[in-house]
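Working notes, beginning with the structure itself.
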There are 4 protein chains.
Amino acid sequence: MEQATIFPGRIRLGMVGGGEGAFIGAVHRHAARFDDRYELLAGALSSSAEASQRSGRALGLDPERIYDNYKQMAQAEAAREDGIEAVVIVTPNHMHAPVARVFLEAGIHVICDKPVTTTSADALMLQALAKERGLLFAVTHNYSAYPLVRHAQQMVREGALGTIRVVQVQYAQDWLAAPLEQGGHKQAAWRTDPAKAGGGAIGDIGSHAWQLADFITGLKLDSLAAQLSSFVPGRAIDDDVQVLLRYEGGARGLLWASQVAVGCTNDLRIRVVGSAGGIEWVQEQPNELKWTPLGEPTRIITRGSAAMNAAGARTSRVPAGHPEGYVDAFGALYSEIASHLLARRDGGDPGAAQFPTIADGVRGVQFIETVQASSLSGGAWVSLP
Amino acid sequence: MEQATIFPGRIRLGMVGGGEGAFIGAVHRHAARFDDRYELLAGALSSSAEASQRSGRALGLDPERIYDNYKQMAQAEAAREDGIEAVVIVTPNHMHAPVARVFLEAGIHVICDKPVTTTSADALMLQALAKERGLLFAVTHNYSAYPLVRHAQQMVREGALGTIRVVQVQYAQDWLAAPLEQGGHKQAAWRTDPAKAGGGAIGDIGSHAWQLADFITGLKLDSLAAQLSSFVPGRAIDDDVQVLLRYEGGARGLLWASQVAVGCTNDLRIRVVGSAGGIEWVQEQPNELKWTPLGEPTRIITRGSAAMNAAGARTSRVPAGHPEGYVDAFGALYSEIASHLLARRDGGDPGAAQFPTIADGVRGVQFIETVQASSLSGGAWVSLP
Amino acid sequence: MEQATIFPGRIRLGMVGGGEGAFIGAVHRHAARFDDRYELLAGALSSSAEASQRSGRALGLDPERIYDNYKQMAQAEAAREDGIEAVVIVTPNHMHAPVARVFLEAGIHVICDKPVTTTSADALMLQALAKERGLLFAVTHNYSAYPLVRHAQQMVREGALGTIRVVQVQYAQDWLAAPLEQGGHKQAAWRTDPAKAGGGAIGDIGSHAWQLADFITGLKLDSLAAQLSSFVPGRAIDDDVQVLLRYEGGARGLLWASQVAVGCTNDLRIRVVGSAGGIEWVQEQPNELKWTPLGEPTRIITRGSAAMNAAGARTSRVPAGHPEGYVDAFGALYSEIASHLLARRDGGDPGAAQFPTIADGVRGVQFIETVQASSLSGGAWVSLP
Amino acid sequence: MEQATIFPGRIRLGMVGGGEGAFIGAVHRHAARFDDRYELLAGALSSSAEASQRSGRALGLDPERIYDNYKQMAQAEAAREDGIEAVVIVTPNHMHAPVARVFLEAGIHVICDKPVTTTSADALMLQALAKERGLLFAVTHNYSAYPLVRHAQQMVREGALGTIRVVQVQYAQDWLAAPLEQGGHKQAAWRTDPAKAGGGAIGDIGSHAWQLADFITGLKLDSLAAQLSSFVPGRAIDDDVQVLLRYEGGARGLLWASQVAVGCTNDLRIRVVGSAGGIEWVQEQPNELKWTPLGEPTRIITRGSAAMNAAGARTSRVPAGHPEGYVDAFGALYSEIASHLLARRDGGDPGAAQFPTIADGVRGVQFIETVQASSLSGGAWVSLP
């Protein structure tokens, strides 16, 4: 992807949310800068006008393009000849929909964090709106950009695994094993507030686990049975979710996402088993993929090696053995989005997006809602819409 | 356990099943011999009288103690002054109950493979009969004898993990990913015949996974929702099972057992997460246990090291770094059973068995039946008896 | 290090070498861009003027600051008011010295790839020159910037390991196991040309291995015995090096670097054993460090976790479990150099550099020369200068 | 190897050394019992007559075959019609030669622990004596019996690795990192006493590391340079050894053995790199072998899987995924020796021994002596005899 850096054009970018103290805003900026294909020019970086100003200055933005709120920003940027082409939305989840709507209505492409909204109605509204306006709505399911996740997806598409039988995916963390939110931890506070997050473990990381399985397998989920738990005393939202999955065509699966899993840091992993072989990928060691053809020894496919397929190579940069990580993959996603937007700017056909868009976002929110519905009804089986 | 070898007495042992070509019979004999505490003296090693004779001679048994069938054997051995004290039952599952019954009725202790029976009614009958006759009925859930499984159990008992929140257990194999039973593979044939096995993946390995969780956590299972699958075309029995678990007291869990999991050889593993820490143990690397106290780095507890607790040390033999494995643990189980039987022989109090007995066997069969009931009703939640 | 992005100032940067097709030039640019603290403004990117122009334009440089050669560049940039403050040198090794000399003489700080020169005389010359001119001469031993390498260094400094006894370091690759250089592979060609590289495995990666041990332990090397090999038929330079090490104070060590180690991709790893504990770090899994206090279980120290010390935290960015990799660490090194240069620009005291400088570069070249001298004399013990 | 158990004959065995408190004696007894091919009938189990009696009775030996000393035992057993056929020697190293001599002279086969003697003169004497008497002299280099070590050996023999280039072998422990011998630890005491052990780390475990490399590669060692260290204050013998190796034909290697390597438990591992591929095996995870064909992904060869070759399968018992360990491999070695002895007893041709014999023992002691000579001369290169 070094050729990226030789492209003369960069996407003019704005950001809503992601001001001082935010974790994910900084990651998005790193990611956008990674391949040098964006110029961050404007921001409404906090729900507090004062904090937004302070954060914007700290980032070296032109003071007149630091906005007190996102509405003002959408209006002003849409009016400028050199206004932003795309906005990154990294607010708490409940603000994704209103912010995205305003920018879409202003004719600005959207790059939005996940889960894309807190209701599927909102997600469908945004999908329709983006379609109507002919705008891109990308969703930053960053884990889908790891080279070996792409490699895995292509293996499935090419039939290397045969008929898929079992999907096992987990996303286990332990950062909320103690009641952090009761001690003034800002991120823990909004992420455990049902009104702001729209879901606890299921929304924050369960959605990533679902998406990883969805992305690699391409299987359509038929129905599920789920149990949400709030293990930490006093917590108002789920911090653990366990789901049985039934896919169309007969595949079955298990999904576990937890924020109380002491011993797991950010343990997102997936195993996909088919009639002709199985694969396993572990996010904390993202530079290798285990691939076992039926009846043969397991192979370790290394990122950057000759064994990697074209889809994997597309988001891989440095040679094998030089570990790529979280920011690299996040940056690869941003780079793909830039390529897509530049193709549009140049009037060309960007082709089908290889990265997650609002269509994935809609299904992701529907998954969350179905899990919540199942759990509320005692773990009954509920069909996806 | 070297002191074992200094004990002058050995248990006089017989075996039903386990003749030529049987995998598990040979393992039981290795295990019994491991610490030199048994003398194998009699056998009805096959359902075919001829094969039984041939196998018995191959094992060097006294020809007059090689029997054509188990009924003859129970009768004859019970009548001898030097008759066997205990019988090992390693037939296909559906024969466990009738064989065990006959030996219990003959006053002979039973050591039985798992699942103990194919119906819970039979298991309860055997439990009552063993109690009535004052005989030991041990069940060879061999994985429970690994030193670090004992260590983990003691950690839970001592409260090191705090309140248990999540149990995740899996037993994934791939030996039945192709339709072996359609090609004359003897073991595959009976293990995939519902009449002989009483359950496929759920009976053969799901029962081990259940038992491992049961043994370590001591939690009582309240209810479950399960889906059994038969992925291999033409197979008449389940080869994959996925279960959501609810324990009394609020803990939740997932269990996955599969015989079609290409990429997994004998991947039995368990994670137990509590409010104060989490542990993880993987059967294929049985000499280490990961232990993470809340907020601290993960420790690798090595079998044989100073960090191992007394319960772990009880079934550990060679020094740390000298790997113990499957036969060692199976042997440790046999050694414990020998100690128990010798204490009884000497008229002493053997104390509470540290190893699985018919009580565990009963619960195991009830677990299997509940899983089957849930799956038959479309994955509905079903309470344990 | 997000605060980095809030710093209004960036270092004005130039680059010599690193044009089209170069691996390491692109990595340096990624690294410099990572924390947004540099502006790449000028370059003489190739020894061919034409290629330099093409590469410079591809990178979007101002055409008048794309130079045909490094001498022209040094002169012109030194004469501009907005000239570059620092130059990155990423040419083949034999050109490091002449290029660095010209820029130092022009009053421009140097950031140079390793090994810093092909002779220790040159390295000493550059050290003296940099000192005389009061300029920074940083050497990009990038592996020293991994957070857990810093953590390890601080552990040693604080005495956590007690007296160091054994150092075991290896850097094993397999990319040159076949005679790539005979097939037109550009990088392989210069790296296996003694005139351009100054050393094969010893120069390219042995120097990294030496530096990693030097950086973490702080031990002074007394003498060594070495064997260089050229295993691939027709190769004119070493592709494997094995060294016994004696440190002042009694510690002993082994160093192995290989480019023919089939099965190893970029397997740089180090174990340091002291009287009070031992550590192990593996570059391909850079987000964990194994730490074993004498008599206690091994701990896995995770990057980003609460267990990481201040030195580790200094070059760590994203939360634990979100893997950082090669570019992250390289970027952290660049970020430290930027902080240092900005402090100088502001007239402040930058303090002692935490990153490798020409002093390390001198010792590194002396190490290479001593290894070569030992090997030439049949593996005799040779003292370091 | 289950067929072993069907063999009617067992080898009549005696033991010298290995009484109460001895680690390795118990392991040898386990190993001999493993496949039921030996009958332990006689012993002089301690240098103290009283302890020998006590130990023999504890093992259930016939009192008249418990001897006060090994000379008495050799004489008496040789005179009995049912006397032992083979003796196991598990005394401290300095006693191996005199004991072995006496038994060979009495016409009794010898199974001896390693290092076989403390001087190569003694080893050569025993070699000659065994040859003269036509007796087997087996040496229990147990690590050579692990199935995947056999698999690796066969791969090398078949040329799968091409021309061998690099051998890297280590045996790192930490049990002597503190001065245990100064606190009354019996095993530590004799093992650190130069008069009894004949070598510290080099003799105890360096000899195993050497043998593993020797066994797998079949390469002839030309010369070496070594440094022995005694890191623990007050220790009279080496506790760490580091060696550069030169093989005939051009291969090069490194050997490290240490008893002070905090963080390593029993970390014996080997990497063999050839022109066509590389392998890696780690004793603490003995059930897998990494195999990387040049230019292809690494394969994990699992013990018991279809990918294991005939040599590996020969010493493998239980199915893949059911871990075998230290005692299993030790037992496999004993079983091979039994097959050899039974073939001799039956007057057949046992064929070439697949297991280590006195020829390996001689070379092992020569290796130790060469290492000691090199170290004494300041690490100079010394040729093997």
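Coordinate-derived values only; no laboratory data. Since the model is a prediction, treat every value here as computed from it, not as a measurement. Quick reminder, even Gly has a Cβ in these numbers, built from the backbone with ideal geometry, and neighbours come from all protein chains shown.
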Query - Distances in nm from D:A189 to the matching label points in the other copies, shortest first (labels 7 Å along Cα to Cβ) - result: 6.2, 6.6, 7.0
**Report entry** Geometric extent, Cα atoms of chain C - Rg, Dmax (angstrom)
**Finding:** 20.4, 64
Requested in this report: Count charges around B:P233 for me, please; just the other residues with Cβ under 15 Å from its Cβ, Lys/Arg as +1, Asp/Glu as -1.
Outcome: -2
Query raised in the report: Mind checking which lysines have their C-alpha under 22 Å from C:K186, skipping anything on the same chain fewer than 8 residues away?
Result: C:K114, C:K196
**Report entry** Label-to-label distance, nm, for residues given as D:E50 and C:K131 (7 Å Cα→Cβ offset)
**Finding:** 7.2 nm
Query raised in the report: Can you give the net charge of the other residues whose Cβ lies under 11 Å from the Cβ of B:V382, counting K and R as +1 and D and E as -1?
Result: -1
Report summary line: Which of A:G134, A:G17, A:G253 fluctuates most in a GNM of chain A (C-alpha springs under 10 Å)? That residue is A:G134
Report summary line: By Cβ neighbour count within 10 Å, fewest first, A:W291, B:W190, C:W210 rank B:W190, A:W291, C:W210
Report task. Using the number of other C-beta atoms within 10 angstrom as an exposure proxy, rank A:E64, D:E336 with the fewest first. Result -> A:E64, D:E336
Query raised in the report: In chain B, what % of DSSP beta bridges are antiparallel (nearest 5)?
Result: 60 percent
Query raised in the report: For B:A306 and B:R157, what is the calculated FRET efficiency with R₀ set at 22 Å and r taken between the beta-carbons, to the nearest 0.05?
Result: 0.60
Report task. Kindly state, to the nearest 0.05, the FRET efficiency for C:E39 paired with A:F23, given R0 = 45 Å and r defined as their beta-carbon distance. Result -> 0.95
Query raised in the report: So what are the ³J(HN,Hα) numbers for the stretch A:290-306, from phi and the Karplus equation (6.51, -1.76, 1.60; θ = phi - 60°), rounded to whole Hz, Gly and Pro as x?
Result: 8, 9, 10, x, 3, x, 10, x, 5, 9, 9, 7, 9, 4, x, 7, 5
Report task. Report the residue, chosen from D:D214, D:D346, D:D222, that carries the largest GNM mean-square fluctuation when chain D is represented by alpha-carbon nodes joined by springs under 10 Å. Result -> D:D346
**Report entry** Position D:R80, label points 7 Å along Cα→Cβ, spacing to each other copy in nm (shortest first, one decimal)
**Finding:** 2.6, 9.7, 10.0
Report summary line: For the stretch A:126-132, Karplus-derived ³J(HN,Hα) couplings (6.51, -1.76, 1.60; θ = phi - 60°; whole Hz; x for glycine and proline) come out as 5, 4, 5, 5, 5, 5, 4
Query raised in the report: Excluding C:T302 itself, what net charge comes from residues whose Cβ is under 12 Å from its Cβ, given Lys and Arg +1 and Asp and Glu -1?
Result: -3
Query raised in the report: If you rank B:D360, C:D267, A:D238, C:D68 by fewest surrounding Cβ atoms within 10 Å, what's the result?
Result: C:D68, C:D267, B:D360, A:D238
Query raised in the report: Given the rule -39500 (n - 2.57) for each run of at least 4 DSSP H residues, summed and divided by the residues of chain A, what is its mean residue ellipticity at 222 nm, to the nearest 500 deg cm²/dmol?
Result: -10500 deg cm²/dmol
Query raised in the report: Where both residues lie in the protein assembly as shown, what percent of DSSP beta bridges are antiparallel, nearest 5?
Result: 60 percent
**Report entry** Cβ-vector label at 7 Å, D:P385, separations to other copies in nm
**Finding:** 4.5, 7.3, 8.5
Report task. Could you name the residue in chain D with the C-beta closest to the rotation axis that superposes chain D on chain B, along with the separation in whole Å? Result -> D:G325, 2
Report summary line: Per GNM of chain B with C-alpha springs under 10 angstrom, the most fluctuating residue out of B:A42, B:A138, B:A78 is B:A78
